[in-house]
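Undergrad: Have a look at this one before I ask anything.
We did not get these values from a lab; they are worked out from the coordinates using the rules stated. Every value quoted in this text rests on a predicted model; they were computed, and no experiment measured them. Don't worry about glycine lacking a Cβ; one is built from the backbone with ideal geometry, like all the others, and counts go over all protein chains shown.
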Amino acid sequence: MNTNQTPNPIEQTFRANLRETYNITEEQLTQLLYQQQPTLTTTFPLSILRTSELSSLEALVKYLRENKKQSYDEIGRLLNRNPRTLTNTYHNARRKKPQTFATQTEFETQRLSYTIFQQPLSILESVAYHLHTQHFTNAQIARTLNLNQRTIWTLLKRASQKLHGVDT
């Protein structure tokens, strides 16, 4: 429905039921229905972190620089990192892996939002911690990232220490 049009009777009934069930106003319902969903520009394909040639940071910087044509400042904002250090990171990544990431990664369904990097964690700690909060087991995270389960355990332990000051 266009927000300027009058809804049809079925939609009116549906909207009324939603408002009543969830005790929200019409304005709140409209905001929920039309809020912006994550897009390809706010997410990245998880597969780029599976490369054995590059660190997670190198892989993300290389992907954003070459595939998304982002500036170092934009990459720094997305990854919560200092843009000046990303120049060296990119050059190291390009030296290790000269070819760009395959374009089919754009259509991959397993994607993560860049917002997970707004914590004081390393790239890999952020990804593992995020997947853990999404109820992935250590074994599932290890398979997803092509890492050892003990590495995942260590990443989660470090993330927990940094975020909460406690061991898990």
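Undergrad: Rg over Rh of the range 50-109, using C-alpha atoms and the Kirkwood radius, what does it come to? Could the numbers behind the result be given before it?
TA: Details: Rg = 11.0 Å, Rh = 11.6 Å.
Taking Rg over the Kirkwood Rh, I get 0.95.
Undergrad: Using Cβ contacts closer than 10 Å as the measure, can you line up THR133, THR43 from fewest to most?
TA: Numbers: THR133 10, THR43 15.
Exposure proxy ranking, most exposed first: THR133, THR43.
Undergrad: Averaged over all directions, how much area does the convex hull of the C-alpha atoms of the range 12-168 cover when projected, in nm²?
TA: Values: hull surface 49.0 nm².
Mean projected area of the Cα convex hull: 12.2 nm².
Undergrad: Report the Cα-based extents of the range 77-168 along its three principal axes, largest first, to the nearest Å.
TA: 39, 29, 22
Undergrad: Can you give the FRET efficiency to the nearest 0.05 for HIS164 and LEU29, using r as the Cβ-Cβ distance and R₀ = 41 Å? Walk me through the numbers before you get to the answer.
TA: Numbers: r = 36 Å, r/R0 = 0.88.
With R0 = 41 Å, the Cβ-Cβ based efficiency is 0.70.
Undergrad: Would you mind ranking VAL61, VAL127 so that the residue whose beta carbon has the fewest other beta carbons within 10 Å leads the list?
TA: Numbers: VAL61 30, VAL127 24.
Lowest count first: VAL127, VAL61.
Undergrad: A further question follows. So if we plug the beta-carbon distance of THR85 and SER52 into 1/(1 + (r/R0)^6) with R0 = 25 Å, what FRET efficiency do we get, rounded to 0.05?
TA: In this case the efficiency is close to 0.65.
Undergrad: Here's another thing I want to ask about it. Determine Rg/Rh for the range 89-129; Rg is computed over alpha-carbon atoms and Rh is the Kirkwood hydrodynamic estimate from the same atoms.
TA: Working: Rg = 13.0 Å, Rh = 12.5 Å.
Computed over Cα atoms, the ratio is 1.04.
Undergrad: Give me, ordered by chain and number, the residues 5 or more places off LEU112 or on other chains with an amide H under 5 Å from its own placed amide H.
TA: When sequence neighbours closer than 5 places are left aside, the close amide H contacts are PHE44, LEU46.
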